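One structure is given here, and the rest of the page talks about it.
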Amino acid sequence: MTPMAEVPLWAAIPIAALLLIGAGLTFIGSVGLMRLSSFYDRIHAPTLGSSWGTAGIVMASMGYFSVLQGRPVLHEFLLGVFVTVTTPVTLTLLARAAVFRDRTEGNPDVPAREPLPPAAGAAPADGEPS
Amino acid sequence: MSRLFPYPVLAAGLVLMWLVLNGFTPGHLVLGVAVSIVAGVSMSALHPAKPRLRRWDRIPQLVAIVLYDIVRSNIAVAALILSNGRHGRRRSGFVEIPLTLRDPLGLAILAIIITATPGTAWMQYDARREEVLLHVFDLVDESAWVALIKGRYESLLLEIFE
């Protein structure tokens, strides 16, 4: 952990701030994943970690290693891009499976396929075993 | 030349990525170009539809809007989780949004935008009815969401792709 002492203060403060923001958002997302009650609500919580959670940590890493090595280190940027671009693939897979199951079971919380009911209901209060 | 590089943007992107990952040396430049030729030729074997971009100049505007919205909705969703959903008064729900956008690449980008923005999730796209089903974490006004998605993102994507 000694190389950290070589980072000047003007760089250390923004790097630490970005790292804390990224880690904090990822943590809040994980808490939400644990505490929210329905599947569709839980889907939203980890997107905190996959958007600015990742971005904050990636930018902190780019800043830290750029300062330490004295040249721009940019390859972490690709991490952020690929995390963002691939998230919808798994998300849509999970979401479609859940919607299909709920429609098959006639769950009133999901809008039906044929003539649409006027308003989609809120999340069930009791939740479901996951 | 176009036989070797059927997708010039893809090839350039791959070479750039190779050099960013491995550091710039003449050897890696040659290797990166070789990789991009193999990738481009195998890509053309799949016969994907060639994307047509009509308005390059609108892309920075879209990127700026999306980055700003991601920051804003990160704060909003984090606050909702921390306050236990405005103390139990938050309601989530589904919104169906009719889309005019039909270009597959444009739809893929819209799906990425909506997924990357916390608080909205892309559930499924129905090509026959040209509708997308979204789930919104904090649903107050359905028509506001329809107007937001259509006015803020879809109109720009339509300009770029169609």
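Miscellaneous remarks
- Comparison of B:ALA49, B:ALA116 shows that the only residue that is in contact (Cβ under 8 Å) with a residue 12 or more places away in the chain and out of contact with any Ser or Thr (no Cβ under 9 Å at 6 or more places or on another chain) is B:ALA49.
- For the stretch B:83-108, a residue qualifies if it is in a helix (DSSP H, G or I) and over 19 Å from A:ARG96 (Cβ atoms), and the qualifying residues are B:ASN84, B:GLY85, B:ARG86, B:HIS87, B:GLY88, B:LEU105, B:GLY106.
- Residue within the stretch B:4-16 that is over 27 Å from the mean Cα position of the chain (by Cα) and farther than 18 Å from A:PHE77 by Cα present: yes
- Taking each residue of the stretch A:21-49 that is more than 7 Å from every other protein chain (Cβ to nearest Cβ) and looking for partners that are of a type in the set (Lys, Arg) and buried (at least 17 other Cβ atoms within 10 Å of the Cβ) with beta-carbon atoms closer than 6 Å, six or more apart or interchain, yields A:LEU33/A:ARG42; A:LEU36/A:ARG42.
- Some residue of the stretch B:59-82 being within 12 Å of chain A (Cβ to nearest Cβ) and in a strand (DSSP E or B): no
- Hits in the stretch A:31-67 (condition: in contact with a helix residue (DSSP H, G or I) (Cβ under 7 Å, 6 or more places away or on another chain), farther than 21 Å from B:ARG89 by Cβ and among the small types (Gly, Ala, Ser)): A:GLY49, A:SER50, A:SER51, A:GLY53, A:ALA55, A:GLY56, A:ALA60, A:SER61, A:GLY63
- Across the stretch A:69-84, the qualifying residues are those that are in a helix (DSSP H, G or I) and surrounded by 15 or more Cβ atoms within 10 Å (Cβ to Cβ), and the one among them that is nearest to the other protein chains (Cβ to nearest Cβ) is A:THR84.
- Residues satisfying the stated conditions in the stretch A:1-35, i.e. under 19 Å from B:GLY85 (Cβ atoms) and hydroxyl-bearing (Ser, Thr, Tyr): A:SER30
- Of residues in the stretch B:132-147 being farther than 10 Å from B:VAL95 by Cβ and of a type outside the set (D, E, K, R), the one farthest from the other protein chains (Cβ to nearest Cβ): B:ALA147
- Among the residues of the stretch B:23-52, those identified as within 29 Å of A:ARG71 (Cα to Cα), within 27 Å of the chain's Cα centre (by Cα) and of a type outside the set (A, V, I, L, M) are B:GLY32, B:SER36.
- Members of the stretch B:11-29 that are more than 14 Å from every other protein chain (Cβ to nearest Cβ) and either in contact with a helix residue (DSSP H, G or I) (Cβ under 6 Å, 6 or more places away or on another chain) or surrounded by 11 or more Cβ atoms within 10 Å (Cβ to Cβ) (or both): B:ALA11, B:ALA12, B:LEU29
- On inspection, B:ARG90 fails the criterion of being free of Cβ contacts under 8 Å to residues at least 24 places away in the same chain, over 22 Å from B:GLU154 (Cβ atoms), in contact with a helix residue (DSSP H, G or I) (Cβ under 8 Å, 6 or more places away or on another chain) and not β-branched (Val, Ile, Thr).
- Going through (1) assigned by TED's automatic domain parsing to the domain that holds B:TYR153; (2) out of contact with any Gly (no Cβ under 9 Å at 6 or more places or on another chain) one by one, B:THR25 falls short only on (1).
- Within the set B:LEU80, B:LEU107, the sole residue that is among the aliphatic types (A, V, I, L, M), surrounded by 15 or more Cβ atoms within 10 Å (Cβ to Cβ) and in contact with a strand residue (DSSP E or B) (Cβ under 8 Å, 6 or more places away or on another chain) turns out to be B:LEU107.
The values are calculated or read from the model by the stated rules, or taken from the named source; none is laboratory data. Not measured: the values here are computed from a predicted model. Note that we place each Cβ from the backbone using ideal geometry, even for glycine, and neighbour counts take in every protein chain shown.
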